[in-house]
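The values are calculated or read from the model by the stated rules, or taken from the named source; none is laboratory data. Worth saying up front: this structure is predicted, and the values here are computed from it rather than measured. Quick reminder, even Gly has a Cβ in these numbers, built from the backbone with ideal geometry, and neighbours come from all protein chains shown.
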């Protein structure tokens, strides 16, 4: 049946409109709080304009955290999506889908908090990774992964790659399955190797998979909090500080709710920078 | 059925479904409100005490249960509705409490550190005066002035303290100390100054290279700031310590005597980090894991609060063989105290007053502290401690100079302490990678100056002087 008149369309859309309205009311409230003087247990909503933002932008920690987020986005988004594509291709072409899916979806199913705790133990100076390296006579490769400020961030980024790989695999599996099999058969008849097929047929055909995966992964990297909180609290020092952790500490430890809201608004603004181009491209693609 | 009839029928179903969902949501909201602490307009069917705390770990839980028993004996008709919220030394609980207080649905009482942490609630106007409980129990006669000051703002009491922990204790491995003759060469740790502490650490490193002279734990950051606060009292004395943590000094002037002492301590930390006097894996460890290094013989010394004794006893480490403790320094007692309060518009004010009386009673304090590993807030309560460490602490509580801890919600504003966590851990981390120490110390000093400004530290204690916090003896 078709919802032909306006009233019926409205009824169908009512739940999502309600939720969206509430969401935007909350975002607007948050933006207002970011321009208030709420810096204690007591709610205080006197308007102070952009003072909190000025103070935030003159705080060196903001730039350090932002830099870490940008590194996180770059180093997390690209390997995860490409590896996801590669693994999905191997999975589909060998047909061993059950095994692959189990192996790669298991980390995705674990909460970040659990993953963070597990990996801190594995990264410990006498943890699983260093112990294995020593067993294989690779002691020179052992490092204090989490204790060294120059490696801690990358150690955590690796954990998020490990976790989100399954997510990327699923997206690209669907994309690969959407490729017209005739294309691949034709290439195989012409004698193309698996690698050739991958580069010249599969990758161009799954562009829409990247369209889905890349913005979602970038947004995840922007919102990182739990793993930083559980593993290092932004440490050693502020080596793994990210905007999400900075926001939480400011709002809930220091009780500078207005300043925390300012950081949240900045995160929101940056994510708009990711989401809006994505939405425009997607809309153009779907509706011509 | 025709297409139009089907459309009408389906849209009717959808309308009915939406209406039902809205009704269910409203009903669920009121059901939830009835279960949550009720506003005073809905009188509860049975007298209750709705209490929030974070004592969920082994030892802590038994301790608070003992106080519940004392309370139940005196008030058998009041039902205790306990809300233990685990996690983060109260960080999670504080967030929950904040929501309850701000929304006007406070619990009857909740756990809070006496001092600056308590003051934040008082300043926000959420707490009621409990002078009557202090008067009835005569607490002013049996609780030392500093602890009174930590519960008293604008001349009124807002909380009743139940225990006292000491922050400045040196935990050490007696076997290592005996082997190297530390006490013979350098004297008892109770009398050491900052330079002696570093000398001892260097001596241990030279003679026992695979033992970390000083254990630290920086995974959750605060234990490192804890070390800073103890070393500041060691180097600067109680007045300088109090001035720094309250911002009551000329902080924009780098030559102020407080800065001299602070820089000495920062420099000491940087030197210790650079010379490898700390355990290198400290960013991976929590406070108890660092304590474990001592009784396992992997580290020689650990500067931390006396909840370490509770931890050692719970893992069966042997006093005198695997661990020993010395107040560090003995002349000053940095204290922290857990207390309970009465929020305004608490649903059951009579139950809260009865609870606060149980908390402040001799019996309650004796039973709680025996199990918890701390000492009573009242000096007239002397439990028969099974451990060798606490009798000295209880004695020092009566005889040493008292100051409130900064890291544990006593003398400072939490926003400032949070910034200190980041500054101190950054200093130690950078020093270990070989950066120039004087540059690092200057950079940290600038960061601390900015933090004092940014967090509004001097305004927090406006109207108070440092004498308020120090009980000089």
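Could you tell me which of the residues B:99, B:90 is assigned by TED's automatic domain parsing to the domain that holds residue B:349, surrounded by fewer than 22 Cβ atoms within 10 Å (Cβ to Cβ) and closer than 17 Å to residue B:54 by Cβ? Sole residue among the options that is assigned by TED's automatic domain parsing to the domain that holds residue B:349, surrounded by fewer than 22 Cβ atoms within 10 Å (Cβ to Cβ) and closer than 17 Å to residue B:54 by Cβ: B:99. Listed by position, the helices (runs of 4 or more DSSP H) contained in the range A:93-177 that have at least 3 residues being within 16 Å of residue A:72 (Cβ to Cβ) and out of contact with any strand residue (DSSP E or B) (no Cβ under 9 Å at 6 or more places or on another chain) are A:112-123, A:149-177. When the range B:276-285 is limited to residues that are within 10 Å of another protein chain (Cβ to nearest Cβ) and touching a residue at least 40 places away in the same chain (Cβ under 8 Å), the one that is nearest to the chain's Cα centre (by Cα) turns out to be B:285. Would the range A:225-243 turn up any residue that is within 18 Å of the chain's Cα centre (by Cα), surrounded by fewer than 21 Cβ atoms within 10 Å (Cβ to Cβ), more than 11 Å from chain B (Cβ to nearest Cβ) and in a helix (DSSP H, G or I)? Scanning the range A:225-243, I find at least one residue that is within 18 Å of the chain's Cα centre (by Cα), surrounded by fewer than 21 Cβ atoms within 10 Å (Cβ to Cβ), more than 11 Å from chain B (Cβ to nearest Cβ) and in a helix (DSSP H, G or I), so the answer is yes. The single residue among A:213, A:221 that is over 19 Å from residue A:63 (Cβ atoms) and either crowded, with 19+ Cβ neighbours inside 10 Å or free of Cβ contacts under 8 Å to residues at least 40 places away in the same chain (or both) turns out to be A:213. Need the failing condition index for residue A:129 against (1) surrounded by fewer than 16 Cβ atoms within 10 Å (Cβ to Cβ); (2) closer than 18 Å to residue A:160 by Cα, just the number. Every condition holds for residue A:129 apart from (1). Any idea how many residues of the range B:168-209 are more than 22 Å from residue B:231 (Cβ to Cβ) and in contact (Cβ under 8 Å) with a residue 40 or more places away in the chain? Total meeting the criteria: 3. If I filter the range B:249-267 for residues that are out of contact with any helix residue (DSSP H, G or I) (no Cβ under 6 Å at 6 or more places or on another chain), more than 23 Å from residue B:462 (Cα to Cα) and in a helix (DSSP H, G or I), do I get at least one hit? Among the residues of the range B:249-267, at least one is out of contact with any helix residue (DSSP H, G or I) (no Cβ under 6 Å at 6 or more places or on another chain), more than 23 Å from residue B:462 (Cα to Cα) and in a helix (DSSP H, G or I), which makes the answer yes. Taken together, B:291, B:273 contain a single residue that is assigned to a helix (DSSP H, G or I), within 14 Å of chain A (Cβ to nearest Cβ) and surrounded by 21 or more Cβ atoms within 10 Å (Cβ to Cβ), which is B:273.
Within the range A:10-35, no residue satisfies the criterion of being outside any helix (DSSP H, G or I) and within 17 Å of residue A:254 (Cβ to Cβ).
Counted as qualifying within the range B:97-214 are the helices (runs of 4 or more DSSP H) with 3 or more residues that are under 28 Å from residue B:356 (Cα atoms), namely B:116-123, B:131-137, B:139-142, B:145-151. Please determine whether any residue of the range B:58-77 is out of contact with any strand residue (DSSP E or B) (no Cβ under 7 Å at 6 or more places or on another chain), within 26 Å of residue B:287 (Cβ to Cβ), in a helix (DSSP H, G or I) and at pLDDT below 70. No, that holds for no residue. Just for the range B:91-121: of the residues that are out of contact with any helix residue (DSSP H, G or I) (no Cβ under 9 Å at 6 or more places or on another chain) and within 18 Å of residue A:254 (Cβ to Cβ), which one is nearest to the other protein chains (Cβ to nearest Cβ)? The extreme case among them is B:102. Screening residue A:62 with (1) under 21 Å from residue A:267 (Cβ atoms); (2) free of Cβ contacts under 8 Å to residues at least 24 places away in the same chain; (3) in a helix (DSSP H, G or I) gives one miss only, at (2). Among residues that are closer than 30 Å to residue B:105 by Cα and in contact (Cβ under 8 Å) with a residue 12 or more places away in the chain, residue B:161 is included. Of everything listed in (1) in contact with a strand residue (DSSP E or B) (Cβ under 9 Å, 6 or more places away or on another chain); (2) surrounded by 23 or more Cβ atoms within 10 Å (Cβ to Cβ); (3) under 30 Å from residue B:321 (Cβ atoms), the single unmet condition for residue B:284 is (1). Just one of the listed residues (B:327, B:349, B:343) is outside the structural domain of residue B:276 (by TED's automatic domain parsing) and under 22 Å from the mean Cα position of the chain (by Cα), namely B:343. Scan the range A:249-259 and tell me whether some residue there is buried (at least 21 other Cβ atoms within 10 Å of the Cβ), facing chain B (nearest Cβ under 9 Å), within 20 Å of the chain's Cα centre (by Cα) and not in a helix (DSSP H, G or I). No - not one qualifying residue is present in the range A:249-259. Screening B:449, B:342, B:420 for residues that are at negative phi, crowded, with 21+ Cβ neighbours inside 10 Å and within 14 Å of chain A (Cβ to nearest Cβ) leaves exactly one candidate, B:420.
Just one of the numbered conditions (1) free of Cβ contacts under 8 Å to residues at least 60 places away in the same chain; (2) within 11 Å of chain B (Cβ to nearest Cβ); (3) assigned to a helix (DSSP H, G or I) is not true of residue A:55: (1). With respect to being surrounded by 17 or more Cβ atoms within 10 Å (Cβ to Cβ), in a helix (DSSP H, G or I) and either in contact (Cβ under 8 Å) with a residue 60 or more places away in the chain or under 30 Å from the mean Cα position of the chain (by Cα) (or both), residue A:38 falls outside the description.
Applying the set (1) more than 14 Å from chain A (Cβ to nearest Cβ); (2) exposed (fewer than 15 other Cβ atoms within 10 Å of the Cβ) to residue B:125 leaves exactly one unmet item: (1). With respect to residue B:394, determine if the residue is buried (at least 24 other Cβ atoms within 10 Å of the Cβ) and either farther than 25 Å from residue B:125 by Cα or within 16 Å of the chain's Cα centre (by Cα) (or both). Judged against the criteria, residue B:394 is not a match.
Say whether the condition of being in contact (Cβ under 8 Å) with a residue 40 or more places away in the chain and touching a strand residue (DSSP E or B) at 6+ places or on another chain (Cβ under 9 Å) is met by at least one residue in the range B:243-250. The answer is yes, given that some residue of the range B:243-250 is in contact (Cβ under 8 Å) with a residue 40 or more places away in the chain and touching a strand residue (DSSP E or B) at 6+ places or on another chain (Cβ under 9 Å). Looking across the range B:41-55 at every residue that is over 32 Å from the mean Cα position of the chain (by Cα) and surrounded by 10 or more Cβ atoms within 10 Å (Cβ to Cβ), the one that is modelled with the highest pLDDT is identified as B:42.
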